[in-house]
Amino acid sequence: MEKWGPTKNDHHIKDQQEVDQWVHSTCNLCSIGCGCEIAVKENKLIGVRGMQEHQTNLGRLDPKAKDQWIANNSPDRLLHPLVRNHEGKLKEATWDQAMSKIVDKAKEVIQEKGPNGAAIYSTGQGFLEDYYTIAKIGRAGIGTHLLDANTRLCTATTEYCLIQSFGSDGVPASFEDLDHTDTVMFFGHNPAETGSVLFERVMTRKKKTGKPYMIVVDPRRTLTAEAADLHLPLKPGSNLALLNGLISEMIARNYVDAPFVQQHTVHFDEMKETAKEWSLEETMENTEIPIEKLEQAVEQLGQTSSLVSTTLQGAYQAADATATCVAINNLHLMRGLIGKQGSGPLHMAGQPSSSANRTVGGVGTYPGNRNPINPRHLREMAELWNVEEDKLEVGPEKGIIKQIEMMENDQIGFFWNIHTNPLVSLPNLKRAKEALKKPFVVVQDPFLTETAKIADVVLPPAMWGEKEGTMENADRTINLLRKAVEPPNGVKSDLDILLDFAKRMGFQDKDDQPLIQYETPEEAFEEWKKVSKGRPSDMTAMSYQKLEESRGMQWPANEENPEGTTRLYEDFQFNTELDYAQSYGKDIITGRPLSRNEYKEKSEAGKAIFYSTPYYEPSEQPSQDYPFWFNTGRIVWHWHTRTKTGRSPYLDNAAKEAYVEIHEEDVDQLGILPGEEVNVTSPRGSIKVPARVSNSISKGTVFSPFHFGNFEKEQAANELTIDVVDPLSHQPLYKNSVCQLGKDRGRHRVKNGETLAAIAQDYHLTTSQLMQANRLIEDSIVEGTTLEIPLKIHEVEVEDYSIPFDIKT
Ligand SMILES: Nc1nc2c(c(=O)[nH]1)N[C@H]1C(S)=C(S)[C@@H](COP(=O)(O)OP(=O)(O)OC[C@H]3O[C@@H](n4cnc5c(=O)[nH]c(N)nc54)[C@H](O)[C@@H]3O)O[C@H]1N2
Ligand SMILES: Nc1nc2c(c(=O)[nH]1)N[C@H]1C(S)=C(S)[C@@H](COP(=O)(O)OP(=O)(O)OC[C@H]3O[C@@H](n4cnc5c(=O)[nH]c(N)nc54)[C@H](O)[C@@H]3O)O[C@H]1N2
Ligand code: SF4
Ligand SMILES: [Mo]
């Protein structure tokens, strides 16, 4: 393969010290999965560099990745378990005390409420081996079906849209396809800030060759949109209106690969019938995108000879998330642009290993893309784990929002939170905080986070670099992370904690042997490989050694494809056969699971499935009381709830606090000053953040990063967000809530002879700020006038939130 760009070796070594040893690893900060090497000196992590030979990043690392080792050395890391005492205070305890407490409580809850009274809520940032162990402990040990993770908030939609259209999870295209494609569509995805190395890879090619043509669908003019050939700035929540309109027009103009549709798919005509209702005019009305732009999109998508479409949170965190992504699958299928070099849907992941959790079953899924309501699959699982079939609990997947409701109703008594910080990241935080007060809560986290603070027991784990395991990135690549240093005294790896729990609980197989017999990550991986055999995510041809030597392998990797598989469905045989498929599918509107017979009717072995995807507007819409759309997301400097990036002085300094980005005309109309602290309020809660004036956001929409918790300031965007979910994937719609903006101002009555300049000075304002706040045109005032005084103006106004990385065009 031709290398995609100038390779660099991004690195950051503390004080440029001499390095004793470089250790093979993978960046732990996003789903691109860049290869890196950890710098070690005297058993300390002292830095990191990009792995030159890794096909994903060729030595590149973005700014937050270069500082990811800093948190490991942070002085406020927890080095002892904490247990809440009878006075209600968290106190240091030994591992034995903490684990005994957890095990006693788990047993008590299982006894009282049954196995489904215990829930494990994990992560997309741990290791495949941890997830596999959670799956086994959860299903075959405890016997609960309440396994979920922050992947619900992140990539649940990826899984569901792939299952619906193609029969199983597993993203069809690959990053490599971006090196070949004529057109890329970034749909609700801002890779310039959230997958910077991948974006750099695309831009390097674009700068050299002019390709690919780039379409960006995002209501904001993001850094990604700025580099686009065509930006479609749609109204928030109107994704499906846009896709239905484009698809309808493409069909009308005969941009359909009829032989492909005929040979490899079912139900095209039904889809066509519903799409037909959409004219471009109607699409324009619903999306507020100018018709010329829609025309351009139809022509480009209709005629391009190859296409990669990515989707991410602008698509997933929406009321019709799965239907939107299914519509994108429809588009690829009807143009026959899948399973070919340079083509295919590339529904993204977000966290570095959320895909692995879906694959091995640590979330609501079943290991190896198995269908738990297919008796054959369940029998297979029971045999593989050597347990009785009826031991394996099967129940409808219950996402975290459903679990919050169950906590409210005292149905969950034991909640084990591993490697995630829900009291910053969940929507409608006020409700989540109340709900989490009810069960016994275990939090496994290296820091005393907002969530750890309310726990009954806190367990301090080893971090990245201090443990071994594998992760799966967004394009099915499994990467190995070697242990670079011993963890600090007093902490244990997540896997060791899980294994200890399993042992103490006395989980057994049907021959009365310990349920879990492996002891190391590599042994766990070897067992998982057997479970994966014959399934879409077959990893039998992988080994730790091979993963290290080849710097990542893409599944399936088996006898047939010993080096792994770049692209799925090159033979156009989809995974929809009744007894191979991962699920019998769901009703695309209501999310009701279909029965075996219904799926039998709907599917045809090996063929992909078209769905009609009707559009409904989001239930919450701006109104007189809450006139703005409230959009949330990420900035390049920070990782989620900032437990890592907030501990790097450089990154912290780059973005110390939250803000609300408002269109310049809205700012003008409301008379808000740049940097002025405003109250942003939704029907659920309120935050106080400085205003950032912008012309890259649409009028009527505001945007806040969700990285900031409530420790010091009331700035957590999720105080405002709505906890409604997509009916199929149960992913919350973080992007489309509503809010109002309120000024927080004092009053000053002008006395005889007072000048504006003097008043301004008294309140630490400039004269022009005072004038602007009161809409005064002249620099004169009369006695008795009441002036509004902005109480707090933040210095920020970081004009340029571009980045020290060469992604700009
Ligand atoms: N710097 C950084 N990078 C990260 C992360 C991080 O925390 N920081 N987190 C990682 C993770 S876990 C994830 S999931 C990814 C997320 O990566 P992205 O999805 O790229 O990031 P977001 O900022 O959440 O949302 C993307 C865009 O969706 C747009 N959007 C809002 N509403 C709509 C809509 O109705 N339609 C459309 N089409 N777009 C809309 C927003 O304006 C935003 O620009 O990033 C990963 N990378
Ligand atoms: N408003 C709004 N909210 C959102 C989103 C949005 O776009 N808008 N996006 C959602 C998405 S896509 C995501 S992925 C979530 C992310 O939300 P979270 O997963 O809650 O955020 P993180 O900060 O990544 O939490 C990871 C936690 O793991 C801890 N940790 C670090 N290393 C280890 C380790 O090795 N072991 C263990 N046990 N713990 C460790 C960290 O200290 C941290 O507390 O947020 C969601 N929330
Ligand atoms: S793009 Fe993602 S995986 Fe790559 S260096 Fe940046 S954060 Fe790490
Ligand atoms: Mo995510």
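The values are calculated or read from the model by the stated rules, or taken from the named source; none is laboratory data. These numbers come from a predicted model, not from an experiment. Cβ coordinates were reconstructed from backbone atoms using ideal geometry, including for glycine residues, and neighbour counts include every protein chain displayed. Heavy atoms of the whole protein, side chains included, go into the accessibility calculation; ligands, DNA and RNA do not. Shrake-Rupley method; radii C 1.70, N 1.55, O 1.52, S 1.80 Å.
When the range 63-92 is filtered for residues that are part of a loop (DSSP other than H, G, I, E, B), more than 16 Å from ligand 2 (Cβ to nearest atom) and touching a residue at least 40 places away in the same chain (Cβ under 8 Å), nothing remains. Scanning the range 510-532 for residues that are assigned to a loop (DSSP other than H, G, I, E, B) and surrounded by fewer than 17 Cβ atoms within 10 Å (Cβ to Cβ) yields a count of 7. Of the residues making up the range 398-427, those that are open to solvent by 20 Å² or more (accessible area, probe 1.4 Å), in contact with a helix residue (DSSP H, G or I) (Cβ under 9 Å, 6 or more places away or on another chain) and assigned to a loop (DSSP other than H, G, I, E, B) are 398, 410, 411, 419. Across the range 93-107, the qualifying residues are those that are touching a residue at least 60 places away in the same chain (Cβ under 8 Å) and open to solvent by 70 Å² or more (accessible area, probe 1.4 Å), and the one among them that is nearest to residue 397 (Cα to Cα) is 107. Across the range 465-492, the qualifying residues are those that are among the charged types (D, E, K, R) and crowded, with 24+ Cβ neighbours inside 10 Å, and the one among them that is nearest to residue 82 (Cα to Cα) is 467. Of all residues in the range 460-469, one or more are in a strand (DSSP E or B), touching a Gly at 6+ places or on another chain (Cβ under 8 Å) and either within 12 Å of ligand 2 (Cβ to nearest atom) or closer than 25 Å to residue 29 by Cα (or both).
With the condition kept exactly as written, say whether any residue in the range 673-682 is modelled with pLDDT of 95 or more, part of a loop (DSSP other than H, G, I, E, B) and either within 24 Å of residue 193 (Cα to Cα) or not basic (Lys, Arg) (or both). Within the range 673-682, one or more residues are modelled with pLDDT of 95 or more, part of a loop (DSSP other than H, G, I, E, B) and either within 24 Å of residue 193 (Cα to Cα) or not basic (Lys, Arg) (or both). Considered as a group, the residues in the range 604-656 that are more than 16 Å from ligand 1 (Cβ to nearest atom) and among the charged types (D, E, K, R) include one that is nearest to residue 72 (Cα to Cα), and that residue is 625. A single member of 176, 200 is within 14 Å of ligand 1 (Cβ to nearest atom), under 22 Å from residue 472 (Cα atoms), assigned by TED's automatic domain parsing to the domain that holds residue 322 and not basic (Lys, Arg), and it is 200. In the range 172-197, the qualifying residues are those that are within 15 Å of ligand 4 (Cβ to nearest atom) and touching a helix residue (DSSP H, G or I) at 6+ places or on another chain (Cβ under 9 Å), and the one that is most open to solvent (accessible area, probe 1.4 Å) is 194. Can residue 143 be described as assigned by TED's automatic domain parsing to the domain that holds residue 470 and within 16 Å of ligand 3 (Cβ to nearest atom)? So residue 143 does not fit the description; no.
Where helices (runs of 4 or more DSSP H) sit wholly within the range 268-373, those with at least 1 residues that are closer than 30 Å to residue 530 by Cα and more than 16 Å from ligand 4 (Cβ to nearest atom) occupy 354-360. Would you mind stating whether residue 550 is crowded, with 21+ Cβ neighbours inside 10 Å, in contact (Cβ under 8 Å) with a residue 12 or more places away in the chain and of a type in the set (Gly, Ala, Ser)? The answer is no for residue 550. On the given criteria, is residue 251 in contact with a Leu (Cβ under 9 Å, 6 or more places away or on another chain), farther than 22 Å from residue 190 by Cβ and surrounded by fewer than 20 Cβ atoms within 10 Å (Cβ to Cβ)? Considered against the rule, which asks whether it is in contact with a Leu (Cβ under 9 Å, 6 or more places away or on another chain), farther than 22 Å from residue 190 by Cβ and surrounded by fewer than 20 Cβ atoms within 10 Å (Cβ to Cβ), residue 251 comes out as no. Counted as qualifying within the range 166-237 are the strands (runs of 3 or more DSSP E) with 2 or more residues that are within 30 Å of residue 266 (Cβ to Cβ), namely 183-187, 213-217. Scanning the range 218-228 for residues that are in contact (Cβ under 8 Å) with a residue 60 or more places away in the chain and open to solvent by 10 Å² or more (accessible area, probe 1.4 Å) gives 218, 219, 220, 221, 223, 226, 227. Considered as a group, the residues in the range 335-352 that are under 17 Å from the mean Cα position of the chain (by Cα) and open to solvent by less than 10 Å² (accessible area, probe 1.4 Å) include one that is farthest from ligand 2 (Cβ to nearest atom), and that residue is 346. Restricting the range 292-345 to residues that are of a type in the set (D, E, K, R) and within 25 Å of residue 193 (Cα to Cα), the residue that is modelled with the lowest pLDDT is 320. Residues of the range 589-612 that are buried (at least 21 other Cβ atoms within 10 Å of the Cβ), touching a Leu at 6+ places or on another chain (Cβ under 8 Å) and part of a loop (DSSP other than H, G, I, E, B): 603, 610. Taken over the range 692-728, the criterion of being without any contact (Cβ under 8 Å) to a residue 40 or more places away in the chain and open to solvent by less than 30 Å² (accessible area, probe 1.4 Å) is satisfied by 694 alone. Output yes when any residue across the range 725-736 is acidic (Asp, Glu), assigned to a loop (DSSP other than H, G, I, E, B) and at pLDDT below 95, and no when none is. Looking through the range 725-736, none of the residues is acidic (Asp, Glu), assigned to a loop (DSSP other than H, G, I, E, B) and at pLDDT below 95.
Residue check: residue 136 meets all listed conditions (1) touching a strand residue (DSSP E or B) at 6+ places or on another chain (Cβ under 9 Å); (2) crowded, with 24+ Cβ neighbours inside 10 Å; (3) in the same structural domain as residue 439 (by TED's automatic domain parsing) but one, namely (1).
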